[in-house]
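The values are calculated or read from the model by the stated rules, or taken from the named source; none is laboratory data. Note that this is a predicted model, so its numbers are computed, not measured. Virtual Cβ from ideal backbone geometry, glycine too; neighbours counted across all protein chains shown.
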Amino acid sequence: MKIAINLLPYSSYQGIEVFAENLMRALARNFPAVKFILMVHQNSPAFTHFSAPNVQREIIHARSTGKIMLALVQQTALRRVLRRTQPDVLLSFSPSFPLWYGRNIVVIHDCAYDRFNEAADIFSRLYFKLMFIAAKYFARRILTVSAFSQKELEQLYGISAERIRVISEGVPAMAAAFDQRATETLQRFGISMPYFLYIGNMRPRKNVVGMVDAFKLFCTHHPDYQFVLAGKYDTRFIDIKKYIVQQGLHQTVLPIGFIEGGEKTVLYKNAAALLFVSFYEGFGLPVLEAQALGVPVLTANSSSLPEVGGRGALYADPYSVTDIAQKMDQIVSDESLRERIVHEGFINVQKFSWDSAAQQCMAAIQQAYENTPNK
């Protein structure tokens with residue numbers, strides 16, 4: 001079998017890219033008899049560069065690697081490469097895929113653009129809306145990452161459950177962290193107290209402002225804590241640095257920007273807890289990352305997060321600053337609670353693996369291929 005993997009939409013490395021990298025590596029590892037063809041552009045990020053006996057890369061040159069140009073390339077130049085390589089199916093890890101191709105398997109992670117105003121521009125909003133509708137009619141199979149996201153696709157787009165397959169994510173490999181590097185890393189970021197850690201972007205659905213407000217309330221009884229915000233700066237929706245200064249928290253809330261693999265491991269392992277109380281998540285990889293490293297997790301009681309965190313997390317109402325602050329107090333004050341959450345977290349992560357995700361993905365591909373007319 002020959003499977004093309006559409007990596008053209010990617011130009012950075014965030015949650016969706018973590019999914020793409022880990023799943024395609026697991027597919028290549030678990031199915032050595034299958035040939036995988038990675039469709040990339042000339043500026044594709046580093047995670048698309050990996051070698052295996054059953055993997056080849058096809059570079060599709062675009063005039064630029066902006067969103068609009070890459071969307072056009074998928075509907076034009078990709079046609080020539082697919083005709084030449086003749087894959088059995090095309091697997092797209094995002095809802096951006098070539099409409100004209102008859103053997104599409106499309107991954108849709110969530111419906112956040114429908115639930116929240118998170119489109120950076122009107123083109124993005126319209127484009128993804130159209131691609132979701134197109135997936136309903138033109139994709140052979142739609143894959144998603146949680147039962148919650150499956151229900152969202154059914155409710156918002158009327159896609160039948162029979163055409164959707166859930167592929168749970170796994171725990172990304174964490175870079176090693178050495179004790180001497182830990183001290184250096186914490187000092188470099190100005191971390192000198194016990195701290196809560198948030199890892200992610202600054203989009204509205206992440207509820208970063210709500211967590212900052214909850215931390216401010218928490219600090220009325222625990223002034224010796226810090227709150228570290230790790231993730232790419234994005235001022236399109238809110239200038240979080242400005243907001244922190246306005247709240248008088250610039251000494252204790254530390255927005256440190258994008259972090260590398262080893263730095264992330266250090267920050268997780270030394271945190272009092274992960275604070276990840278989002279309004280909306282299609283999956284929520286930081287929950288599993290924290291559990292795998294023995295870090296207590298405080299997350300939201302909504303969307304996919306209870307499905308992902310299982311019994312290995314403490315849950316709060318993301319719409320209640322008071323509830324979040326109270327749960328923060330619980331997690332630092334109750335040692336037996338922390339121990340139980342950490343123990344249950346270790347048990348919970350055993351249910352998630354990229355090898356299992358690869359098996360689920362391949363089963364969905366095989367079923368879609370076998371039901372394809374004139375294959």
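For this structure, a couple of remarks:
- Any hit, the stretch 177-190, residues being surrounded by fewer than 17 Cβ atoms within 10 Å (Cβ to Cβ), in contact (Cβ under 8 Å) with a residue 12 or more places away in the chain and charged (D, E, K, R): yes
- Test: residue in the stretch 161-174 that is in a loop (DSSP other than H, G, I, E, B), over 20 Å from residue 300 (Cβ atoms) and among the small types (Gly, Ala, Ser): yes
- Just so you know, in the stretch 75-92 the residues that are polar (S, T, N, Q) and in contact with a Leu (Cβ under 9 Å, 6 or more places away or on another chain) include one that is farthest from residue 61 (Cα to Cα), and it is 92.
- Residue list for the stretch 119-145, filter: assigned to a helix (DSSP H, G or I) and exposed (fewer than 15 other Cβ atoms within 10 Å of the Cβ): 122, 123, 126, 130, 133, 137
- Of all residues making up the stretch 243-272, the number that are assigned to a loop (DSSP other than H, G, I, E, B), touching a residue at least 60 places away in the same chain (Cβ under 8 Å) and surrounded by fewer than 18 Cβ atoms within 10 Å (Cβ to Cβ): 1
- Residue match in the stretch 140-154 (condition: in the same structural domain as residue 114 (by TED's automatic domain parsing), without any contact (Cβ under 8 Å) to a residue 40 or more places away in the chain and among the polar types (S, T, N, Q)): yes
- Any hit, the stretch 312-322, residues being assigned to a helix (DSSP H, G or I) and touching a helix residue (DSSP H, G or I) at 6+ places or on another chain (Cβ under 8 Å): yes
The rows are residues; the columns are (1) at pLDDT 95 or above; (2) in contact with a strand residue (DSSP E or B) (Cβ under 9 Å, 6 or more places away or on another chain); (3) closer than 21 Å to residue 39 by Cβ.
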| residue | (1), (2), (3) |
| --- | --- |
| 54 | yes, yes, yes |
| 115 | no, no, no |
| 121 | no, no, no |
| 142 | yes, yes, yes |
| 147 | yes, yes, no |
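- Pairs are defined by a Cβ separation below 9 Å, a sequence spacing of at least 6 or placement on different chains, a first member in the stretch 300-326 that is assigned by TED's automatic domain parsing to the domain that holds residue 111, and a second member that is surrounded by fewer than 22 Cβ atoms within 10 Å (Cβ to Cβ); no pair meets this definition.
- Scanning the stretch 226-242 for residues being buried (at least 17 other Cβ atoms within 10 Å of the Cβ) and not in a strand (DSSP E or B) gives a total of 3.
- Criterion (β-branched (Val, Ile, Thr) and in contact with a Ser or Thr (Cβ under 9 Å, 6 or more places away or on another chain)) met by exactly one of 68, 133, 59: 59
- The single condition among (1) surrounded by fewer than 22 Cβ atoms within 10 Å (Cβ to Cβ); (2) within 20 Å of the chain's Cα centre (by Cα) that residue 305 does not meet is (1).
- Total residues in the stretch 266-295 satisfying the condition of being β-branched (Val, Ile, Thr) and in contact with a His (Cβ under 6 Å, 6 or more places away or on another chain): the figure is 0.
- Residue tally, condition touching a helix residue (DSSP H, G or I) at 6+ places or on another chain (Cβ under 8 Å) and polar (S, T, N, Q), over the stretch 354-366: 1
- Scanning the stretch 194-225 for residues that are outside any helix (DSSP H, G or I), more than 19 Å from the chain's Cα centre (by Cα) and either among the small types (Gly, Ala, Ser) or loosely packed, with under 15 Cβ neighbours inside 10 Å (or both) yields 194, 220, 221, 223, 224.
- Considering the stretch 1-118, the qualifying strands (runs of 3 or more DSSP E), each wholly inside and each with 1 or more residues that are surrounded by 14 or more Cβ atoms within 10 Å (Cβ to Cβ), free of Cβ contacts under 8 Å to residues at least 24 places away in the same chain and among the charged types (D, E, K, R), run over 55-59.
- Filter result for residue 340 (surrounded by 15 or more Cβ atoms within 10 Å (Cβ to Cβ) and at pLDDT 95 or above): yes
- Some residue of the stretch 183-191 being in contact with a Gly (Cβ under 6 Å, 6 or more places away or on another chain), part of a loop (DSSP other than H, G, I, E, B), modelled with pLDDT of 90 or more and assigned by TED's automatic domain parsing to the domain that holds residue 283: no
- Which listed residue, of 358, 364, 368, is within 24 Å of the chain's Cα centre (by Cα), among the aliphatic types (A, V, I, L, M), farther than 16 Å from residue 293 by Cβ and at pLDDT below 95: 364
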